[in-house]
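Novice: Sharing a structure below in structure tokens format, with a few things to ask.
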Amino acid sequence: MTGQNKKNSAGKSSKESSHLPYEVDMTGSAEEVYKNLARLSKAAEKEGNYVSAHCTTFHMVSDAIRRMIPNDPINKKYALRGDLSNIFRLRKGRLRICWIASSKARRVCILFIAETLRKQGDMNDPYAIFQGLLESGRFDQVIAKFGVRIPPQHLLTKKQTRPN
């Protein structure tokens, strides 16, 4: 057996296990948004409107959560900047999905899903909303569980996220 085919503690080869997708969890609020998007999509499909914006949005979110994020969750192109560089985000049009990941546990946690317009300085800017949730401590437990390092809330500022 070569070094590339050695078995790890789970009985899988190290090469094989490093290419498996990460498992995905969601915070309650992200799951609520996801379920609402699914409900709206299902209602549009029930009416025969398979090209509805609701269907498109749900399929984009679903594809991101099921395929894109789990296959490459810690890619630097998804990382926010500065003190938030351990938090990642995906953007597609109006859509923003923010998550954290543990390469050791091979798990991802979707923290936030937003479909609001990105307008810097606006109170409905998805990054301003996400920043407020971070500062409120809403994600502290999951961030600690995943072992992700971010600064204490009083050190976070809106300027630390990447404008898009």
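The values are calculated or read from the model by the stated rules, or taken from the named source; none is laboratory data. No experiment lies behind these values; they were computed from the predicted model shown. Here the Cβ is made from the backbone with ideal geometry for all residues, glycine too, and neighbour counts use every protein chain on show.
Novice: Would it be correct to say that residue 61 is assigned to a strand (DSSP E or B) and either under 24 Å from residue 36 (Cα atoms) or out of contact with any strand residue (DSSP E or B) (no Cβ under 6 Å at 6 or more places or on another chain) (or both)? Working first, answer last.
Specialist: Numbers: assigned to a strand (DSSP E or B): no; either under 24 Å from residue 36 (Cα atoms) or out of contact with any strand residue (DSSP E or B) (no Cβ under 6 Å at 6 or more places or on another chain) (or both): yes.
When the stated conditions are applied, residue 61 does not pass them.
Novice: Continuing with the same structure: Scan region 41-58 residue by residue and report those that are β-branched (Val, Ile, Thr) and either more than 19 Å from residue 95 (Cα to Cα) or assigned to a loop (DSSP other than H, G, I, E, B) (or both). Working first, answer last.
Specialist: From region 41-58, those β-branched (Val, Ile, Thr) are 51, 56-57; that's our starting set.
Correct list: 51 only.
Novice: Also: Can you tell me which condition residue 94 does not meet? The list is (1) at pLDDT 90 or above; (2) within 20 Å of residue 37 (Cβ to Cβ), and all the others hold.
Specialist: Exception for residue 94: condition (1).
Novice: Can you pull out every residue in region 63-81 that is over 14 Å from residue 98 (Cβ atoms) and charged (D, E, K, R)?
Specialist: Scanning region 63-81 gives 63, 66, 67, 72, 76, 77.
Novice: Identify all residues within region 27-56 that are of a type in the set (S, T, N, Q) and closer than 10 Å to residue 113 by Cβ; write none if there are none.
Specialist: Our first condition is that a residue be of a type in the set (S, T, N, Q); within region 27-56, this holds for 27, 29, 36, 41, 49, 52, 56.
If the condition is that a residue be of a type in the set (S, T, N, Q) and closer than 10 Å to residue 113 by Cβ, then 27, 29, 36 are the ones that fit.
Novice: Tell me yes or no: at least one residue of region 68-89 is under 17 Å from residue 37 (Cβ atoms), in contact (Cβ under 8 Å) with a residue 60 or more places away in the chain and assigned to a strand (DSSP E or B).
Specialist: Among the residues of region 68-89, not one is under 17 Å from residue 37 (Cβ atoms), in contact (Cβ under 8 Å) with a residue 60 or more places away in the chain and assigned to a strand (DSSP E or B), which makes the answer no.
Novice: Let me confirm something: among 64, 44, which residue is more than 23 Å from residue 146 (Cα to Cα), among the hydrophobic types (A, V, I, L, M, F, W, C) and modelled with pLDDT of 90 or more? Steps first, answer last, please.
Specialist: Numbers: 64 fails: more than 23 Å from residue 146 (Cα to Cα).
44 is the lone residue from the list that is more than 23 Å from residue 146 (Cα to Cα), among the hydrophobic types (A, V, I, L, M, F, W, C) and modelled with pLDDT of 90 or more.
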